[in-house]
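*Asks:* Here you go, one structure.
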Amino acid sequence: MKLQSRHLLGLEGVRKEDITLILDTAISFKEVLERPIKKVPPLQGKTIVNLFFESSTRTRISFELAERRLSADVVNFTAVGSSVSKGETLKDTARNIEAMKIDMVVIRHASSGAPHFLTRVVEANVINAGDGAHEHPTQALLDMMTLREKYGKLEGLRVCIVGDILHSRVARSNIYGLKTMGVDVSVCGPATMIPRNIEALGVRVYYRLEDVIPQVDALNVLRIQLERQKSGLFPSLREYHRFFGVTKEKVDRAPKPITIMHPGPINRDVELSADLADGPHSVILEQVTNGEAVRMAVLYLLGTSN
Amino acid sequence: MKLHLKSGRLIDPTKGKDVVTDMLIVDGRIERIGQSLSADRSFETIDLKNKVIAPGFIDMHVHLREPGYEHKETIETGCASAAAGGFTAVCCMPNTNPTIDEESVARYVQEEGRRVTGGLVDVYPIAAATKGRKGEELAPMAELSKAGAVGFSDDGSPIASAELMRRVLEYSSMYGLPVIQHAEEQTLTKNGLMNEGLVATRLGMPGIPPIAEELIIERDIILLRYVPLSKYHVAHISTSGSIGCVRRAKAEKLNITCEVAPHHFTLTDAAVESFATNLKMSPPLRTKDDVQALKEALRDGTIDVIATDHAPHTIDEKEVEYAQAPFGIVGLETAIGLSVTELVNQKYLTLNQLIEKLSINPRRILSLSVINIQEGETANLTVFDPEKEWVVDIQAFKSKSKNSPFHGRRLKGKTIGIINNGKSWFV
């Protein structure tokens with residue numbers, strides 16, 4: 001079985017079969033993670049560069065571990081202190097690194113479309129580890145893997161993404177992936193953080209958590225960035241927490257337990273209360289483990305298809 | 001120079017003329033106009049069967065980049081591009097370095113234009129409305145108009161302050177020259193990269209809402225009503241809402257005109273899906289409904305002018321991430337092709353109306369002399385083939401820059417040549 005594309009740039013337009021293939025493959029890699037020796041050989045001899053133009057700890061570590069566990073050679077490139085700060089263009093950086101004979105590039109970048117640009121200037125397989133507010137496909141895949149594990153299937157589930165949808169690549173990738181898999185998706189957040197025409201993507205919009213909580217199986221809670229307050233999108237963290245923070249008090253009013261997800265890192269007691277984050281219905285650490293498995297699956301499927 | 005233009009279709013909207021005719025041109029002057037003229041061997045004969053002869057086209061919105069940004073374009077390469085695109089005149093925008101905000105720079109661009117083209121392409125400066133285009137103090141408009149400026153604009157930036165805009169309108173009204181507004185309420189467009197709407201939402205791109213353009217136009221209309229003797233021209237109009245504003249102001253008989261760029265009536269924001277940076281311009285590509293509104297407005301005369309907003313940038317400047325790329329695309333060499341393909345062939349404009357929007361109306365707005373196509377007059381002519389099909393090849397561009405989203409596009413309608421000030425250029 002092969003994926004349709006030789007890159008993973010996003011989940012918009014990715015076929016149901018391909019998502020299923022990645023999720024199924026991830027299950028067998030998750031099993032590898034349970035072994036005493038967590039290493040398998042499929043990418044032996046392959047060289048992968050993690051090109052990170054935006055600070056990230058957990059995604060980069062997650063990718064790096066996934067790459068090493070597949071026996072690939074790994075190089076990390078972070079923009080801080082690199083040639084980029086000396087004015088080198090992304091194109092030059094990428095071409096120079098490619099001239100060192102690499103096979104795959106994992107890129108995180110603050111600009112939407114940067115991974116797409118990369119596919120036009122290098123030959124390597126490109127994996128998007130987050131581009132601007134556009135997509136973060138492996139995050140959505142690990143979210144889907146976590147939900148599928150918990151419920152046995154995705155189709156028919158009801159998921160609400162809560163928070164700053166406007167700036168969230170996690171939200172977009174989740175919307176595309178979940179919709180393709182037959183999940184009922186809604187979003188909830190302050191009106192200033194709901195992008196225009198989002199309903200056209202087939203999601204319902206809520207402005208009150210109380211209205212959406214009784215309607216869903218899971219809440220995917222996004223991190224709120226404090227700097228959005230300065231740009232006038234919300235008045236204060238206190239108000240945000242009161243009205244859009246996911247708390248035990250609010251979810252306890254639901255007729256049945258609600259699964260709590262968060263892409264991390266959490267602002268505890270801001271967008272999500274600590275008791276919920278650590279509570280019995282939280283799958284947040286499961287998401288992190290599944291992130292490993294999903295990234296191994298993606299790297300494996302793309303890296304062995306050439 | 002002795003030319004025998006043979007069997008061309010002369011369309012002269014000012015005289016309501018549309019006839020197949022011959023024309024003899026000697027040293028830049030129209031010697032004879034008439035059917036089946038004979039000319040001796042000293043004349044070069046150009047067969048113009050099924051080709052259109054029109055009063056010379058002018059592109060009133062061009063960034064020639066010189067002085068200051070000669071790596072993108074020079075007056076020489078920009079004028080060569082204009083000639084290849086069928087324009088006998090261009091207006092150069094003042095966002096050069098130094099800015100065209102004082103006499104010497106205004107004179108320089110005209111003289112350099114004459115020097116490099118020998119008069120084939122007239123270069124008319126649009127001067128800055130405010131010093132340094134900073135939106136703080138009035139530019140010396142009287143001196144600038146004496147030095148040949150044909151309009152005032154801070155193009156690239158709006159004249160943001162309502163107070164200063166009022167003063168610009170008042171001051172410029174003494175000289176009868178238009179104030180050309182880049183209508184953008186910048187507090188609404190901060191960090192914006194493309195039209196705000198479904199496509200931007202899908203792509204996670206910061207949006208430029210249509211209302212940012214409409215707010216400034218509506219505000220300026222209120223100012224114009226208060227300063228009715230001034231002339232106000234909207235640059236590169238792009239939204240359906242803006243069209244509504246201009247249409248209502250025109251119904252009120254205010255001194256308002258506007259222009260549209262070919263890319264805005266040809267492409268929509270859906271194209272940005274590719275993240276190709278040659279789709280990044282300001283104002284951005286809008287929606288299908290906006291494109292439809294622009295075409296209707298061209299048809300009903302709400303839009304007076306087609307102008308390209310020719311904005312050269314080098315390949316290196318454009319071959320970067322979308323957010324990092326500069327705004328703007330080149331347009332001189334695809335203007336006729338896009339206009340004929342999108343407007344004439346789709347029956348929004350007749351050839352006569354197209355010529356009005358590329359020659360008659362812009363010259364009227366800029367208070368330039370009417371081109372008189374009759375015996376004894378200087379020939380200022382554009383010749384084009386409205387039936388010629390061709391494929392855009394950026395490598396064939398005369399412009400120094402190749403930043404066009406239309407590479408590989410099949411168009412109908414192409415320049416054959418131009419004649420101006422005793423000079424001629426033919427394909």
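*Asks:* Evaluate the following for residue B:201: is it in contact with a helix residue (DSSP H, G or I) (Cβ under 9 Å, 6 or more places away or on another chain), within 14 Å of chain A (Cβ to nearest Cβ) and at pLDDT 95 or above?
*Replies:* Details: in contact with a helix residue (DSSP H, G or I) (Cβ under 9 Å, 6 or more places away or on another chain): yes; within 14 Å of chain A (Cβ to nearest Cβ): yes; at pLDDT 95 or above: yes.
Yes; evaluated as a whole, the condition is true for this residue.
*Asks:* Only one residue in A:210, A:227, A:249 is surrounded by fewer than 19 Cβ atoms within 10 Å (Cβ to Cβ) and touching a residue at least 40 places away in the same chain (Cβ under 8 Å), so which one is that?
*Replies:* On the way: A:227 fails: touching a residue at least 40 places away in the same chain (Cβ under 8 Å); A:249 fails: touching a residue at least 40 places away in the same chain (Cβ under 8 Å).
One residue alone meets the criteria, A:210.
*Asks:* While we're looking at this one, here's another question. Kindly state which helices (runs of 4 or more DSSP H) lie completely within region B:178-255 and contain at least 2 residues that are closer than 18 Å to residue B:165 by Cα. Talk me through it step by step, then tell me what you get.
*Replies:* Details: elements: B:198-203, B:210-226, B:240-251.
Output list reads B:210-226, B:240-251.
*Asks:* Right, something else. Quick one: in region B:75-119, which of the residues that are surrounded by fewer than 22 Cβ atoms within 10 Å (Cβ to Cβ), touching a residue at least 60 places away in the same chain (Cβ under 8 Å) and farther than 16 Å from residue B:144 by Cβ is nearest to the chain's Cα centre (by Cα)?
*Replies:* Looking at residues that are surrounded by fewer than 22 Cβ atoms within 10 Å (Cβ to Cβ), touching a residue at least 60 places away in the same chain (Cβ under 8 Å) and farther than 16 Å from residue B:144 by Cβ, I get B:84.
*Asks:* On the basis of being part of a loop (DSSP other than H, G, I, E, B) and either in contact with a Gly (Cβ under 8 Å, 6 or more places away or on another chain) or within 14 Å of another protein chain (Cβ to nearest Cβ) (or both), does residue B:160 make the cut? Give the derivation first.
*Replies:* Numbers: part of a loop (DSSP other than H, G, I, E, B): yes; either in contact with a Gly (Cβ under 8 Å, 6 or more places away or on another chain) or within 14 Å of another protein chain (Cβ to nearest Cβ) (or both): yes.
Yes, satisfied.
*Asks:* Quick one: which of B:300, B:316, B:289 is within 14 Å of another protein chain (Cβ to nearest Cβ), out of contact with any strand residue (DSSP E or B) (no Cβ under 9 Å at 6 or more places or on another chain) and within 20 Å of residue B:237 (Cβ to Cβ)? Break it down stepwise before answering.
*Replies:* On the way: B:300 fails: within 14 Å of another protein chain (Cβ to nearest Cβ); B:316 fails: within 20 Å of residue B:237 (Cβ to Cβ).
So the residue among B:300, B:316, B:289 that is within 14 Å of another protein chain (Cβ to nearest Cβ), out of contact with any strand residue (DSSP E or B) (no Cβ under 9 Å at 6 or more places or on another chain) and within 20 Å of residue B:237 (Cβ to Cβ) is B:289.
*Asks:* Identify the residue in region B:18-57 that is free of Cβ contacts under 8 Å to residues at least 24 places away in the same chain and charged (D, E, K, R) and, among all such residues, is surrounded by the most Cβ atoms within 10 Å (Cβ to Cβ).
*Replies:* B:22
Yes/no matrix, rows are residues, columns are (1) assigned to a helix (DSSP H, G or I); (2) more than 18 Å from residue B:213 (Cβ to Cβ); (3) of a type outside the set (Val, Ile, Thr):
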site	(1), (2), (3)
B:259	no, no, yes
B:293	yes, no, yes
B:296	yes, no, yes
B:302	no, no, no
B:326	no, yes, yes
B:333	yes, yes, yes
B:340	yes, yes, no
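*Asks:* Is it fair to say residue B:367 is more than 14 Å from chain A (Cβ to nearest Cβ), under 17 Å from the mean Cα position of the chain (by Cα) and assigned to a loop (DSSP other than H, G, I, E, B)?
*Replies:* Working: more than 14 Å from chain A (Cβ to nearest Cβ): yes; under 17 Å from the mean Cα position of the chain (by Cα): yes; assigned to a loop (DSSP other than H, G, I, E, B): yes.
Against the criterion (more than 14 Å from chain A (Cβ to nearest Cβ), under 17 Å from the mean Cα position of the chain (by Cα) and assigned to a loop (DSSP other than H, G, I, E, B)), residue B:367 qualifies.
*Asks:* Kindly evaluate residue A:76 against the criterion of being in a strand (DSSP E or B) and at pLDDT 95 or above.
*Replies:* On the way: in a strand (DSSP E or B): yes; at pLDDT 95 or above: no.
For residue A:76, the condition - in a strand (DSSP E or B) and at pLDDT 95 or above - is not met.
*Asks:* What number of residues within region B:81-106 satisfy the criterion of being within 29 Å of residue B:135 (Cβ to Cβ) and part of a loop (DSSP other than H, G, I, E, B)?
*Replies:* So the count comes out to 10.
*Asks:* Of the residues that make up region B:67-80, is at least one in contact with a Gly (Cβ under 9 Å, 6 or more places away or on another chain) and not in a helix (DSSP H, G or I)?
*Replies:* no
Okay, residues lined up against (1) within 14 Å of another protein chain (Cβ to nearest Cβ); (2) surrounded by 21 or more Cβ atoms within 10 Å (Cβ to Cβ):
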{"residue": "B:171", "(1), (2)": "no, no"}
{"residue": "B:177", "(1), (2)": "no, yes"}
{"residue": "B:186", "(1), (2)": "no, no"}
{"residue": "B:197", "(1), (2)": "yes, yes"}
{"residue": "B:217", "(1), (2)": "no, yes"}
{"residue": "B:225", "(1), (2)": "no, no"}
{"residue": "B:228", "(1), (2)": "no, no"}
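*Asks:* Please report, ordered by residue number, the helices (runs of 4 or more DSSP H) entirely within region A:85-179 with at least 1 residues that are within 11 Å of chain B (Cβ to nearest Cβ) and either free of Cβ contacts under 8 Å to residues at least 24 places away in the same chain or surrounded by fewer than 24 Cβ atoms within 10 Å (Cβ to Cβ) (or both).
*Replies:* Numbers: elements: A:90-99, A:114-121, A:137-151.
Because the criterion is at least 1 residues that are within 11 Å of chain B (Cβ to nearest Cβ) and either free of Cβ contacts under 8 Å to residues at least 24 places away in the same chain or surrounded by fewer than 24 Cβ atoms within 10 Å (Cβ to Cβ) (or both), the helices (runs of 4 or more DSSP H) in region A:85-179 that meet it are A:90-99, A:114-121.
The values are calculated or read from the model by the stated rules, or taken from the named source; none is laboratory data. In this text, all values refer to a predicted model and were calculated from it rather than measured experimentally. Don't worry about glycine lacking a Cβ; one is built from the backbone with ideal geometry, like all the others, and counts go over all protein chains shown.
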